[in-house]
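What follows is calculated from the coordinates using simple rules that are stated; it is not laboratory data. This structure is a prediction, so every number in the text was calculated from the model and none was measured. Every residue, glycine as well, gets a Cβ built from its backbone with ideal geometry; the counts of neighbours run over all protein chains shown.
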Amino acid sequence: MTVQLEQQSTLRELWQRIFHDTTDAAQDRLLQLLDDRRQALLADPPSQAGDTADPEWYRDAVIYCLYVDAYAGDFDGLTGRLDYLEKLGVNTLWLLPILDSPMRDQGFDISDFRAIRPDLGGNEAFVRFVDQAHARGIRILFDMAVNHSSDEHPWFREARQNPDSPYRDYYIWSDQPDRYLDARLLFKGMVDSNWEYNDATGDYYFHRFYAFQPDLNYRNPDLLIEMIDNMLFWKARGVDGLRMDAIPFIWKEEGTDCEDLPTTHTILKLIRAALDYCQPGTLLIAEANMEPREVVSYFGDADECQTAYHFPLMPQFFMALAEADYRHIRDALAPEVTPVIPESCCWMSFLRCHDELTLEFVTPDVRERMNRYYLHHPQYSFREGEGIAGRLFYLLREAPDKMLLMHSMLCATEGSPILYYGDEVGMGNDQAFFEQTSRQTGFRDARFLNRGPMDWSKVERALEHTESVEHQLFEGVRAIVRARREFAACFHGPGRFMDLHDPALFGLARQAGQTHLEIYHNLSDQPRHVELPTAMRDVMTGQDTGRQVTLAGHAYCWLTPAD
């Protein structure tokens, strides 16, 4: 009971920091809601996966990211693909938007925060899928856009028609588009204002993304309570974690850029405390596309998000490969660039995702070089040169050795690695999907190239033939994932970059107790010889290497001391 009272005190203190002394009744409603949800979870606990006693399971996660419809049609179809995913070796699935949506932004425009899209099978099919995944030890994360809703959400449909609606203040309105003028355009080149005129009431509403995604108003305590309850709704259905999409933008202040404001962090602390009060263990992922020294604030004192994406690391993998120089990666992880984070927290890292290969935070010189190396066609430019769209295999000019090398670098470096669906079999750009979706949405968004459907008939035929590129890639990625999971404890802390007197040799040493792991990558296209400190064993082949290993061009090896 003492712990519970301490938690309640924390919740009250955080609430007062946001709303001061004006919302005591709303504060009481929140606490009553949390007590009710806590009791319901105790009485009817959802299914769980893996070691339920390990609150830091996410540090050992190998994550596979997918769109349910593009990957398997619906949740029953995705249940049928669990054998494939289990064979690949991933232990966590990140499901890109699955909540009800008119699909104008591929699901990031949510029209019901408590409903799975009917075309995916609805809530019942989703819960059945979660139970099946948990039975195999696979955890489930999904996206929740917390900054905005769809303009087709019932809240907004009523608010835009009736100034006296109780939902009117769930959004942000102005008689003139002259508020928050320092807020930058996030979709530069696709939208020309953060304000949109509303004919029915003769005023404007605020949005940071597309005009059909009006921003939610977290100054309204009722809205905040609703959003916390939406998260608890999915917690009760077994969801292991939520990707907090667009979290840096939720609080607005006049005279600021409306990004990463102090109250945003207080709200995030309140959300984390509320979820933990009801039942500890729900993972919160900060989707904050900023410099690491700014992103670390989303960990708080280990009381906000447990994980966050390391966006600026992504282009440095590509720079290291293009220029055969591992120092691009080393420098991105140096303490002055990537500060130390709380011990219980971790980064999440990826090579590519559903969005662009972001160049927003690199120098103009690096941006120019990245575009020269990887922008193979002008139509794949995103945000006026600040990003490059396209799937990983396409960007690497369909070179299997480079594809596997990049996956090894990803899994060897900091953070829980995220694999993007289809990369493990060399899926390429989907021009037809790009054209079709551009016509449907009215936006020629280059990111649509990355989001096309998985061609299972092609994949399954190819995997039957051991000489196929798809088979080579699948088995190579599978071996890397197996090695990463076998030595998971070695990745709970930072690795040590080894000076091998050659920038083309990227070596990392990792230690956990008496377990020692060394990982070597040859970033050049020419063979390299590595002198080892002791006789080693190749983790993937089981063969002893002696005290020297020769790496072919764009090859890698994972080694541990020989017995």
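Residue exposure proxy: K458, K402, ordered by other Cβ atoms within 10 angstrom of their Cβ from fewest to most, comes out as K458, K402.
Counting every other Cβ atom within 10 Å of each residue's Cβ, S297, S457, S47, S149 order from fewest to most as S457, S47, S297, S149. Straightening the chain between L500 and W456 buys 11.6 nm, computed as 0.36 nm per residue apart minus the Cα-Cα spacing.
Entry note, the range 1-144: relative contact order of 24 percent, from Cα contacts under 8 Å with a spacing of 6+ residues. Here the relative contact order of the chain, from alpha carbon pairs under 8 Å that lie six or more residues apart, stands at 12 percent. From the coordinates of this entry, volume of the Cα convex hull per residue in Å³ is computed, and it appears in (i) 156; (ii) 173; (iii) 147 under the label (i).
Residues H134, H554, H521, H501 in ascending order of nearby Cβ atoms (within 10 Å, fewest first): H501, H134, H554, H521. The antiparallel fraction among DSSP beta bridges confined to the chain stands at about 55%. A DSSP coil position with no more than 10 other Cβ atoms inside 10 Å describes the following GluC sites (Glu not before Pro) in the range 368-468: E384, E464, E467. Taking a point 7 angstrom from the Cα of E343 along the C-beta vector, which residues in the range 24-62 have backbone N less than 18 Å away? 54-60, by backbone N distance to the label point.
The simple spin-label model puts a point 7 Å past each Cα toward its Cβ; for E152 and E291 those points are separated by 4.1 nm.
Excluding same-chain neighbours fewer than eight residues apart, no lysines are reachable from K402 by a Cα-Cα span under 21 Å. Within the range 135-220, the trypsin sites (Lys or Arg not before Pro) that combine a DSSP coil assignment with at most 16 other C-beta atoms in a 10 angstrom radius are R136, R184, R219. Within the straight-line cut-off of under 19 Å between alpha carbons, the lysines reachable from K269 are K235, K252, sequence neighbours fewer than 8 places apart in one chain being disregarded. Please give the contour-minus-distance gain from L532 to D119: 0.36 nm per residue of separation, less the Cα-Cα distance, rounded to one decimal in nm. Value of the extension gain: 143.2 nm. For V3 and A512, the difference between the fully extended length at 0.36 nm per residue and the C-alpha to C-alpha distance is 180.0 nm.
With contacts taken as Cα pairs under 8 Å and at least 6 residues apart, the range 148-215 reaches a relative contact order of 35 percent. Cross-link reach is defined here as a Cα-Cα straight distance under 20 Å, omitting same-chain residues fewer than 8 places apart; for K458 the lysines meeting it are K87.
Remark: spin-label model distance T363-R17 equals 3.7 nm, labels positioned 7 Å along the Cα→Cβ axis. Along the axis of the charge dipole computed for the chain (Cβ charges of +1 for Lys and Arg, -1 for Asp and Glu, origin at the Cα centre), the listed residues V459, L357, S101 are led at the positive end by V459. Considering helices alone, the calculated mean residue ellipticity of the chain at 222 nm is -10500 deg cm²/dmol, with DSSP H runs of length four and up weighted by -39500 (n - 2.57) and normalised per residue.
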